[in-house]
Amino acid sequence: MPINPVLVVHGGAWAIPDDMVEAHLNGVRNAAAAGWRPLEKGGSALDAVEEAVVVLEDDETFDAGRGSFLNRDGKVQLDAFIMDGATLRGGGVGGVERLRNPVRAARKILSDSPHVYFVAEGAERFAAEHGIALCRNEDLIIPREVERLREYQAQTSTHGNDLFAPEISHDTVGAVALDRDGNIAASTSTGGTLNKAPGRLGDSSLIGCGCYADNLSAAASTTGWGEPIMKLVLAKWAADRVESGNLPEWVAKEAMNYLKQRLNGHGGIILLDAKGRFGIAHNTPRMAWALRTMQKQEAGIQRSA
Ligand code: ASP
């Protein structure tokens, strides 16, 4: 039986304000189009998630690549991960400051290195040695984010802002895909949380937390407040439940309930198995997502039960 490809992407889960909805929808639609191109030509799920995430990293709407949140020192520090469900190979970078598309470096680690992670300067050096151009950190910073950090730091010093309230933006991006060969893959990329301490690593690039893929279970990408997500190893938690026979749609919702009930966490997840069954869920007011299959092309801003 021929396998029909599937692609799901997300662009973060939070209370996306009305005036930002269009930009989020355009972003996830463009990413789904880019990821679909390799899939429809018979290309790999790995290529699909990489291409989708590159588009989201390049889009300043999202907290990934250029336009990401700034850390406490006013710098962009990026984390990304990509994983191949066929081989369980993974590639991750953490705390990189000079890469426009951290997912490209993560993919190189996956394909060209016996290791799974490179961080900070070592990751940048690995990328440069593998033909990826380095940029300056300033090239990743946009005025909107300089202003956002300034406002945030001014507020926290006077009345202690809650960094983890659902209205704080979580624009991390991710993708999961199934290809014609029946393989699944996942990727997640982020600038992390606003005003994060320099060196703080979130869940997004951590295997099994913000991202996971195994043909025998599922491919998952999460977004949201990273510390609770990593404590629960949430992407793997969800994949394991798919492996034990539950539908991804149900598991995605359960993962969000678990996150809320166990640690009062908030966020979103996309989940896809090797049969092409998927789930999209969030426990925040909104999440930007897009879906491509042979039959349909959909994007939305809300998917909660
Ligand atoms: N999960 C990311 C982190 O904690 C943030 C996000 O999803 O917006 O780094």
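The values are calculated or read from the model by the stated rules, or taken from the named source; none is laboratory data. Just so we're clear, the structure is a prediction, and the values are computed from it rather than from any experiment. Ideal geometry is used to build each Cβ from the backbone, glycine not excepted, and the neighbour counts take in all protein chains shown. SASA here: full protein model, heavy atoms, side chains in, ligands and nucleic acids out. Shrake-Rupley method; radii C 1.70, N 1.55, O 1.52, S 1.80 Å.
The order of the peptides 47-58, 103-114, 1-12 by mean Cβ neighbours within 10 Å, most packed first, is 47-58, 1-12, 103-114.
Normalised by residue number, the volume inside the convex hull of the Cα atoms of the range 1-96 is 121 Å³ per residue.
Taking only the alpha carbons of the range 200-249, we obtain Rg and Dmax values of 10.5, 36 Å in that order.
Long hydrophobic helices in the chain: the complete DSSP H runs spanning 30 Å or more by Cα along their own axis with mean Kyte-Doolittle hydropathy of at least -1.0 are 18-40. Distant-in-sequence amide contacts of residue 214, defined by a placed amide H-H separation under 5 Å and a gap of 5 or more residues or a different chain, comprise 219.
Over all pairs of different C-alpha atoms in the range 1-41, the reciprocal of the mean inverse distance, the Kirkwood hydrodynamic radius, equals 11.8 Å. Descending by average beta-carbon neighbour count within 10 Å, the peptides 211-220, 145-154 line up as 211-220, 145-154, the highest first.
Rolling a 1.4 Å probe over the heavy atoms of the protein chains gives the range 99-139 an accessible area of 54 Å² per residue. Taken about its Cα centre, the chain carries a charge dipole of about 400 debye when Lys and Arg each add +1 at the Cβ and Asp and Glu each add -1 at the Cβ. Legend: distances between Cα atoms for 196/260; 108/296; 236/275; pairs beyond 24 Å are 108/296. Here the Kirkwood formula puts the hydrodynamic radius of the chain at 18.4 Å, using every distinct Cα pair. Here the chain exposes an accessible surface that is 49 percent carbon and sulfur, computed with a 1.4 Å probe and the other protein chains kept in place.
Every helix of 4 or more DSSP H residues in the chain counts as -39500 (n - 2.57), and over all residues that averages to -11000 deg cm²/dmol at 222 nm.
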